[in-house]
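The values are calculated or read from the model by the stated rules, or taken from the named source; none is laboratory data. All values reported here derive from a predicted model rather than from experimental measurement. Glycine also receives a Cβ, built like all others from the backbone with ideal geometry; neighbour counts cover every protein chain displayed.
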Amino acid sequence: MKIRAADLLFVSNKHGDIDEAIAQSTGQYVHVGIAVNQNQVIHATSKYGVIIQDMTQFMAEQMHVDVYRPLVKDVSGVVERAKKFESQPYNFSFYPDGLGFYCSQLVAVAFKNIISFNEQPMKFGDNEHEISDFWVNYYLKLGVDVPLNQPGTNPSDLAAAEEIEYIGTL
């Protein structure tokens, strides 16, 4: 499969603690990046912040990646807009005005005025609680309130956008 600039690379749950918490709250996908070209991806991670990474290294770290392609004619500017945020820190709080970017927040900003990835009230629950024990402990360590119902994005919601389509798995 040939990857194009601005294709979206969605990562499924790898079953680590944070992946499990994200999947329980929002759905199948726990991470998303933007293809710079066939050989590179730009994404925001807790390990690196916003980074342009070699596709081989990205694939080795992510394992299962689904590729979605924008259905809009003109995606020029998406990659360049995302690159402006290279080296920014990761937004660990997920607050809309938090320092840096989380993965789907970077995608939404890069595609601004091209694809409307609608913000949704953020959820942090599981099958039993409005806020899962994982997120309670996560935010206690950060020393801030859980941003429950704050506007935000997540990879699974982005993947459901009508302006993109699934084209395959890497």
Checklist entry - From the residues in region 1-31 that are within 15 Å of the chain's Cα centre (by Cα) and within 16 Å of Arg81 (Cα to Cα), which one is surrounded by the fewest Cβ atoms within 10 Å (Cβ to Cβ)? => result Asp7
Checklist entry - How many of the residues in region 66-117 are in contact with a Ser or Thr (Cβ under 9 Å, 6 or more places away or on another chain), of a type outside the set (Val, Ile, Thr) and in a strand (DSSP E or B)? => result 2
Next on the checklist: Can you tell me which residue is nearest to Val78 (Cα to Cα) among those in region 7-28 that are touching a residue at least 60 places away in the same chain (Cβ under 8 Å) and part of a strand (DSSP E or B)?
Outcome noted: Leu8
Checklist entry - Among the residues of region 113-130, is there at least one that is more than 20 Å from Val30 (Cβ to Cβ), of a type in the set (Gly, Ala, Ser) and at pLDDT 95 or above? => result no
Next on the checklist: Can you find a residue that is in a helix (DSSP H, G or I) and surrounded by fewer than 16 Cβ atoms within 10 Å (Cβ to Cβ) anywhere in region 33-54?
Outcome noted: no
Checklist entry - When you go through (1) under 17 Å from Ala160 (Cβ atoms); (2) free of Cβ contacts under 8 Å to residues at least 60 places away in the same chain; (3) out of contact with any strand residue (DSSP E or B) (no Cβ under 7 Å at 6 or more places or on another chain) one by one for Arg81, which number turns out not to apply? => result (1)
Checklist entry - For the subset of region 38-80 comprising residues that are among the acidic types (Asp, Glu) and at pLDDT 95 or above, which member is nearest to Asp19 (Cα to Cα)? => result Asp66
Next on the checklist: I'd like to check something: does region 154-167 contain any residue that is within 21 Å of Ile18 (Cα to Cα), assigned to a loop (DSSP other than H, G, I, E, B), free of Cβ contacts under 8 Å to residues at least 60 places away in the same chain and not acidic (Asp, Glu)?
Outcome noted: no
Checklist entry - Does any residue of region 67-76 turn out to be touching a strand residue (DSSP E or B) at 6+ places or on another chain (Cβ under 9 Å) and among the acidic types (Asp, Glu)? => result no
